[in-house]
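Only one structure is covered here, and it is reproduced in the block below.
The values are calculated or read from the model by the stated rules, or taken from the named source; none is laboratory data. A quick note: this is a predicted structure, and the numbers were derived from the prediction, not measured. Using ideal geometry, Cβ is built from the backbone for each residue, glycine included, and neighbour counts are taken over all protein chains shown. The protein model used for the area step is the full one, side chains on, heavy atoms only, and it has no ligands, DNA or RNA in it. Shrake-Rupley method; radii C 1.70, N 1.55, O 1.52, S 1.80 Å.
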Amino acid sequence: MKNGSGNTNTKLILLHPYIQKQSSTTRLWLLAFVSFFTIIFLLTLLYTRDTIIPSKNTSVAAAVAAVVTSAAGVSPSPTTTTTNSNLPTTTINALLHYASRSNDSFHMSYGEMKSISDVLRRCAPPCNLLVFGLTHETLLWKALNHNGRTVFVEENRYYAAYFEEIHPEIDVFDVQYTTRAHEAGELVAAAKEAAGNECRPVQNLLFSDCKLGLNDLPNHVYDVDWDVIFVDGPRGDAHEGPGRMSSIFTAAVLARSKKGGSPKTHVFVHDYYRDVERLCGDEFLCRENLVESNELLAHYVLDKMDKNSTRFCSDRKKRSVSSLS
């Protein structure tokens, strides 16, 4: 440019790229510094929250447990956590009431469910309950056997997997039945013939060659001393269905082969009016052990036997149900 004195003075200002780079780098470091402390603050906050909330939940759980034990008439120990082996009577009655009034046409009656419930209530804890068949009452049996072991055996592997998925607290094992209901007569006759050998009343069914014995359940099922066994499966109302010969025979052997626990086992058979259930009940559970029955439910009480036993039923004259009541 030209000034008033006529001198020309050109001023050139150059900005070195390093200056811009230094400024950008400073801002990046500042952003990283702030971000680091923000993350540390959030982690500290989350950690503090996780350590506080469980202690609060623990207190709530303890309060609920105290209420339940108080309702059941149990005084908690000041030094140990007390768990009540049985549900309060009001809870049991409510469960039976609503289960018996279901809209499901295949549900059991109040009287039938109460018969099983009464036995579970008297069962010494922890009570071991084995149920053949997934039915409308499955969740009821699990609830009534409070603090006990409850295992279900189901013929339909897909339904068993589905049921266990939506109710992960339920233990279900699927089993493949090889029998047909219309074969009941010949299968029972063959088992009676082999009662001193592969179909003997006292044995480990895991290694059994008896056609009526279920030997493909998980190993630990055969090691449990079952206190109550309920046969409500598999399907037994169809000519080509598997029938309940195997489940009744298996229940009879498990009851007589107990190694510990109570020497007696309560076995219930549902749909007792049908020919297969009555035939297998008479031959393997025995009329002498029948303590209660109606058209739909039979209740047997079996004693464990000596390992050398070769007869399911004694030679005593069969007693009528009325003489036992």
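Things to note:
- Answer residue from the range 253-265, given it is over 19 Å from residue 191 (Cα atoms) and not polar (S, T, N, Q) and is surrounded by the most Cβ atoms within 10 Å (Cβ to Cβ) among those: 258
- Of residues in the range 112-125 being open to solvent by 20 Å² or more (accessible area, probe 1.4 Å) and without any contact (Cβ under 8 Å) to a residue 60 or more places away in the chain, the one nearest to residue 243 (Cα to Cα): 114
- The criterion of being outside any loop (DSSP other than H, G, I, E, B), in contact with a helix residue (DSSP H, G or I) (Cβ under 9 Å, 6 or more places away or on another chain), under 13 Å from residue 87 (Cα atoms) and aliphatic (A, V, I, L, M) does not hold for residue 129.
- Neighbours by Cβ (under 8 Å, 6+ apart or cross-chain): first from the range 162-190, under 17 Å from residue 131 (Cβ atoms); second among the β-branched types (Val, Ile, Thr) and in a loop (DSSP other than H, G, I, E, B): 163/170; 164/170
- Unique match (being out of contact with any Ser or Thr (no Cβ under 8 Å at 6 or more places or on another chain) and surrounded by fewer than 23 Cβ atoms within 10 Å (Cβ to Cβ)) among 310, 250: 310
- Looking across 86, 128, one residue alone is of a type in the set (S, T, N, Q), in contact (Cβ under 8 Å) with a residue 40 or more places away in the chain and under 13 Å from residue 150 (Cβ atoms). It is 128.
- Looking only at residues in the range 200-238 that are without any contact (Cβ under 8 Å) to a residue 24 or more places away in the chain and among the acidic types (Asp, Glu), the one that is least open to solvent (accessible area, probe 1.4 Å) is 223.
- Whichever residue in the range 275-305 is charged (D, E, K, R) and more than 18 Å from residue 254 (Cβ to Cβ) and, among such residues, is modelled with the lowest pLDDT: 295
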